[in-house]
Amino acid sequence: MNESPIRSKFTQKTLQKLPQVLTLYNDYQQSVQTIAKALKMSPMTVSNLLKQYGNGLRPSKIEYVNKVDRLGKEIEIMYYDQLMSTRQIAKRLGVEPNFVIGYLNKFSKGTRNIKESCQLRTNNEYRTKLREKQLGELNNSVKLTQEMVLKIREEYGKMLEIGHTKTQAQYYLANKYNVKRPTISDVVLRKTWKHI
């Protein structure tokens with residue numbers, strides 16, 4: 001099988017990155033892909049630099065085993081004890097999420113099923129945080145402003161005082177503020193916009 005010829009001439013800019021490439025690859029056991037991404041180079045260039053100026057490329061199986069030995073216990077602690085997601089672990093350790101999933105399934109107790117994962121994510125703390133992020137005008141689907149809500153409640157009270165029915169007042173305000181009647185109902189009954 002013919003291998004592609006190694007380029008003998010690299011640009012000066014590329015050669016300046018050679019010490020970093022060798023250090024990351026040999027000392028820190030980083031993959032060609034990771035180095036290429038970190039140094040903003042193509043994986044082929046990194047590979048060719050290592051072949052020409054380094055000791056060549058490691059067999060990928062050895063690289064995988066080294067990563068497993070180095071990161072295995074950390075992954076287990078983060079996943080099983082700290083209940084972090086595979087994406088969170090991958091981000092923290094600087095590896096691909098598939099590496100974390102593969103490790104857990106091959107060398108440990110396996111990954112959580114979808115139902116279990118959802119239950120972990122949707123605890124009371126998560127719900128509260130989500131609610132606060134989508135409160136009032138921060139909500140992506142908001143059609144009213146805080147100012148409008150206060151005016152709607154004020155006008156609604158006045159309309160009831162002068163003899164309008166609840167339904168009439170709600171339809172009138174819905175037309176005025178260009179929303180649906182249930183939206184007005186939720187505002188005046190404080191089912192939405194509870195914080196004001």
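Taking all protein chains together and a 1.4 Å probe, the residues 18, 173, 120, 83 rank 83, 120, 18, 173 from largest to smallest accessible area. In this rough spin-label picture, where each label sits 7 Å from Cα along the Cβ direction, the residue 117-residue 52 distance is 4.3 nm.
The values are calculated or read from the model by the stated rules, or taken from the named source; none is laboratory data. Predicted model, so just to flag it, every value in this text is computed and none were measured. Glycine also receives a Cβ, built like all others from the backbone with ideal geometry; neighbour counts cover every protein chain displayed. Each accessible area value is taken on the protein alone, full model and side chains, heavy atoms only, with ligands, DNA and RNA left out. Shrake-Rupley method; radii C 1.70, N 1.55, O 1.52, S 1.80 Å.
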